1. T19's amide H: which non-local residues (gap 5+, or another chain) put their own amide H closer than 5 Å, with H modeled 1.01 Å from N in plane and none for Pro or chain starts?
2. Assuming R0 = 22 Å, what is the FRET efficiency of A60 and V2, from their Cβ-Cβ distance, to the nearest 0.05?
3. With a point put 7 Å past each Cα toward its Cβ, work out how far N73 is from T19 in nm, to one decimal.
4. Indicate the gyration tensor shape class of region 26-85 (rounded, prolate or oblate), computed on the Cα atoms with a ≥ b ≥ c the square roots of the eigenvalues: a/c under 1.5 is rounded; otherwise a/b larger than b/c is prolate and the rest oblate.
5. Which ³J(HN,Hα) values in Hz, rounded to whole numbers, follow from the phi angles of region 62-77 under the Karplus curve 6.51 cos²θ - 1.76 cosθ + 1.60, where θ = phi - 60° and Gly and Pro get x?
6. Dipole size in debye (nearest 20) for region 3-115 around its Cα centre, Lys and Arg Cβ +1, Asp and Glu Cβ -1?
7. Provide the gained length on full extension for the span F31 to Y104, in nm with one decimal, where the gain is 0.36 nm per separating residue minus the Cα-Cα distance.
8. Only one of the values (i) 48, 25, 23; (ii) 39, 25, 22; (iii) 44, 28, 24 was calculated from this structure for Cα extents along the principal axes in Å; name its label.
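Please treat every number below as a calculation from the coordinates, not as lab data. In this text, all values refer to a predicted model and were calculated from it rather than measured experimentally. Cβ sites come from the backbone with ideal geometry, for glycine too, and all protein chains shown count toward neighbours.
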Amino acid sequence: QVRLVESGGGLVQPGGSLTLSCAATGIGLRFYNIGWYRQGPGKQREKVAGITPSGATNYADFVKGRFTISRDNAKNTEYLQMNSLKPEDTAVYYCNTDPYSDPYWGQGTQVTVSS
């Protein structure tokens, strides 16, 4: 049974930073392309960043230079380091395979960027 549990979200002021975690059970993250996705209020879900088994990363243009995706193989956990946060980054953030698998969606973690 695959479970992906996101955590680390919260309320942060513009320009601030947060680190999100994606803890996995039932799947070895190191063997799959894994992505971070987000869905803001009234918006469609969009891919934020991705990482391959080899460690290659890719980013959406709107977060490039601000966000960093990484993986800790020993902990079977993915991370998303978010810096220089903007109000438009406000969304529920999810992790999933890349491309995503519908049964793997977790509850996500809320990130709110507001002054």
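1. Under 5 Å from the amide H of T19 lie the amide H atoms of M82, each far enough along the sequence or on another chain.
2. 0.35
3. 2.0 nm
4. Cα axes put region 26-85 in the prolate bin.
5. 6, 10, 4, x, 10, 10, 9, 9, 8, 9, 10, 5, 5, 9, 6, 9
6. 80 debye
7. Difference between extended and current length: 24.8 nm.
8. (ii)
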